[in-house]
Amino acid sequence: MSQTATAHDDSPVTVLTPLADCYVHSLNTRTEPPSAEIETLADCIADLGLLQNLAGWFDPAKPGKVGIVAGGRRLRAMILLASREGRSPDETRVPVKLAPDEGTARIWASAENTARAALHPADEVRAYGRMAGSGYDANAIARSFGVSERHVRQRLKLAQLPQPVLGALREGKISLDQAGAFTVATSPEAAEAELQRVLASQWGNGAAEIRGRLSRASIGMHDPRAKLVGLDAYRAAGGTVLEDLFTDQVQLLDEAILDELVERRLSDAVDFNLARGWKWVEAIEGSDRFDAQRNMERIWPQPIELPEADALELAELRDRAGEEEFTEAEIERMYELEEREAGDYSDEDRATSGLFLYVGQDGKIETHGPYRRREDAPGAADAGESGGGAVKVEAKALPNNLLEDLAKIRLAALQRRAAAQTELMLDILAWQLSGGVRPYERVLGISVDRPSIAPEKPEGFELPGSLVDPEASVESATPERFAEFRALGKKQRNEVLTRALGRLLMPHSDMAPWIAAQLTPDPRQIWTPTAAGYLGRLPVPVLDRLWAELVPEDRREGLEFDGKKKGEKAKILERLFNEADFREALGLSRDMNARIDAWLPEQLQWPSVGDEGDD
């Protein structure tokens with residue numbers, strides 16, 4: 001036996017002990033671990049070294065040997081590693097902390113299972129990240145550290161965070177829950193920007209709030225579009241996802257791909273229903289269906305008389321429906337008979353009417369209608385009808401979230417102009433505070449809070465500097481603070497009031513267009529069409545019309561547009577709006593360029609007013 005030291009002292013010492021003199025003592029209560037687990041731990045020790053010493057005791061029952069009471073897995077892994085590398089157990093020494101007596105050894109053996117100190121989460125993240133960088137998968141790392149695979153996957157996700165975020169976690173500036181919320185960021189820049197916001201603010205820094213701000217640009221699986229398409233089809237089309245291991249949520253990051261897949265599904269449904277004989281079929285947003293049917297005639301199926309036996313069966317089922325619990329087969333039978341009794345639509349109705357299709361909240365394509373337009377009613381004038389019999393399918397409506405963003409951009413352009421009109425804004429404020437305006441018809445959304453005025457997708461939009469409050473510390477309201485504000489003078493007061501009131505302008509149906517007529521806001525000064533913010537959210541027919549409207553046919557030579565996918569068309573139009581070199585290559589004239597620079601979608605234009613009033 002070769003031994004560095006013996007232990008007969010009263011205090012623990014750490015000695016280098018040959019592997020041949022070590023064995024797993026019976027005080028070590030851990031069960032025999034699987035061989036695969038020992039092999040993985042041996043790989044880990046080979047890469048990172050022995051991170052924690054063994055603990056043992058000289059049991060008189062085995063003179064000259066050291067019984068390992070804490071670290072049995074590590075001992076087995078060290079023996080396996082020495083065997084792999086051809087090293088003699090007699091010559092391979094390992095550090096062992098020796099207990100002075102049996103009582104201490106028992107305490108150490110118990111502490112190994114019950115009181116092991118956990119790594120700081122930031123250190124754990126870095127350790128797992130190093131192992132993953134050496135080629136170990138989550139399962140192997142979990143076995144090495146004795147934790148669950150899910151726990152390892154969460155930590156590896158944290159390991160991908162930018163260093164400033166991990167540093168904030170290590171320094172205790174953010175919690176582990178907050179760090180987990182940062183993993184949903186779509187880019188390191190977004191995560192670092194959110195970190196700066198969290199560190200600078202005392203409010204709104206919960207994990208849920210951080211996660212909500214960072215995932216605002218993504219789409220959850222609760223979205224009806226995602227339910228319709230399904231995760232597998234979205235991924236097969238090249239869509240990327242962000243899996244939040246801390247909440248089990250999946251976020252879709254490529255809305256253009258999702259919208260294109262939804263458009264295909266709706267297009268197939270349109271074709272299917274046209275083949276059934278309907279004159280027109282239009283895909284719309286579900287929330288727009290009641291507006292879309294306005295001034296149209298609802299068409300109803302023509303009831304039929306069921307055969308006597310079926311009619312009696314249906315009557316019996318209806319009588320029992322309110323008194324008994326039906327089987328599933330009975331429910332299906334009653335629905336079948338009622339559907340037959342309701343009848344069908346005549347060939348004439350199909351030839352003169354149409355359907356609206358939309359994606360319902362449950363992710364299914366729903367049918368609304370049929371409805372008949374006034375000009376298609378039997379007996380209506382035939383003037384203007386084509387003789388070719390071609391069926392016209394109306395262009396699909398714009399997505400609701402795009403319409404909401406355009407409304408915010410249009411209003412921000414108006415607010416920008418209003419923020420420089422002190423007298424006008426003070427007049428409007430005084431008028432609204434006079435009590436002569438109904439509360440639900442407010443022109444100003446007066447509130448102490450700062451309302452959000454940025455669109456959901458900010459690409460192509462730049463918040464006007466005139467609407468941004470100067471940086472200042474937010475403190476409690478005291479007479480001293482108010483005195484300091486008053487001392488700044490009326491000019492400063494008026495600037496603050498005008499800026500704040502400008503931000504509070506609301507899209508009032510009558511007043512907002514009137515104010516716009518006075519101030520002539522130009523949304524293009526703060527917004528430009530981009531693929532991510534606008535163009536990629538438009539239906540393909542709208543993109544085609546826009547290309548044809550802005551680029552004359554004789555300037556499109558050599559540039560294919562019609563045959564390209566929706567995302568490619570959006571990118572081409574983005575270049576048209578934003579790249580001078582691209583326009584020059586097309587040979588566009590000065591007038592054509594001016595038209596592109598001034599172009600606005602209808603949703604960014606204010607309706608005209610009959611009497612514009614005085615400036």
Calculated FRET value between residue 423 and residue 603, using beta carbons and R₀ = 35 Å, to 0.05: 0.70
Among 307-314, 546-553, 102-109, the order from most to least packed when residues are scored by Cβ within 10 Å on average: 102-109, 546-553, 307-314
Largest to smallest principal axis extent of the C-alpha atoms in segment 263-376, angstrom: 43, 32, 25
Computed lengthening from residue 201 to residue 231, 0.36 nm per intervening residue step minus Cα-Cα distance: 7.1 nm
Label-reachable residues, segment 63-80, where backbone N falls under 17 Å from a point 7 Å from residue 32's Cα toward its Cβ: 72-77, 79-80
Average projected area [Cα convex hull, segment 13-114], square nanometres: 6.3
From phi via Karplus (6.51, -1.76, 1.60), per-residue ³J(HN,Hα) for segment 405-421 in Hz, x at Gly/Pro: 5, 5, 5, 5, 5, 4, 5, 5, 5, 5, 4, 4, 5, 5, 5, 10, 10
Within segment 344-378: backbone nitrogen closer than 17 Å to the residue 264 label point (7 Å, Cα to C-beta): 365
Reach of residue 564 by Cα under 16 Å, taken over aspartates and glutamates that are not fewer than 8 positions away in the same chain: 259, 260, 263, 544, 574
Calculated FRET value between residue 134 and residue 582, using beta carbons and R₀ = 51 Å, to 0.05: 0.65
Residue 306 paired with residue 61, simple spin-label distance in nm, labels 7 Å along Cα-to-beta-carbon: 8.4
Label point distance in nm, residue 16-residue 298, each placed 7 Å from Cα along Cα→Cβ: 9.1
Which of 183, 367 has the fewest Cβ neighbours within 10 Å, and the rest in rising order: 367, 183
Gain upon complete extension [residue 148, residue 446; 0.36 nm per residue less C-alpha separation]: 102.1 nm
Out-of-range pairs (alpha-carbon distance over 32 Å; input 227/279; 279/457; 408/569; 408/571; 173/227): 279/457; 173/227
Cα pair count fraction exceeding 19 Å, expressed as % - segment 535-598: 23
Potential lengthening between residue 506 and residue 575 on full extension [0.36 nm per residue; Cα-Cα distance subtracted]: 21.6 nm
Cβ crowding within 10 Å averaged over residues, with 81-93, 497-509 ranked highest first: 497-509, 81-93
For segment 121-255, alpha-carbon Rg and Dmax in angstrom: 15.7, 44
For 484, 495, order by how many other beta-carbon atoms lie within 10 Å, fewest first: 484, 495
Long-range amide H partners of residue 24 with built H, under 5 Å: 68
In Hz, Karplus ³J(HN,Hα) per residue of segment 39-46 (6.51, -1.76, 1.60; θ = phi - 60°; x = Gly, Pro): 4, 5, 5, 5, 4, 4, 5, 4
Exposure proxy ranking, count of Cβ atoms within 10 Å, fewest first, for 425, 296: 296, 425
Descending principal axes extents, segment 202-322, alpha-carbon based, whole Å: 72, 40, 34
Virtual spin-label span in nm between residue 249 and residue 454, 7 Å along Cα→Cβ: 1.8
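Bear in mind that the values in this text are calculations on the coordinates, not laboratory data. Remember, predicted model here, so these are calculated numbers, not experimental data. All Cβ positions, glycine included, derive from the backbone under ideal geometry; neighbour counts span all protein chains shown.
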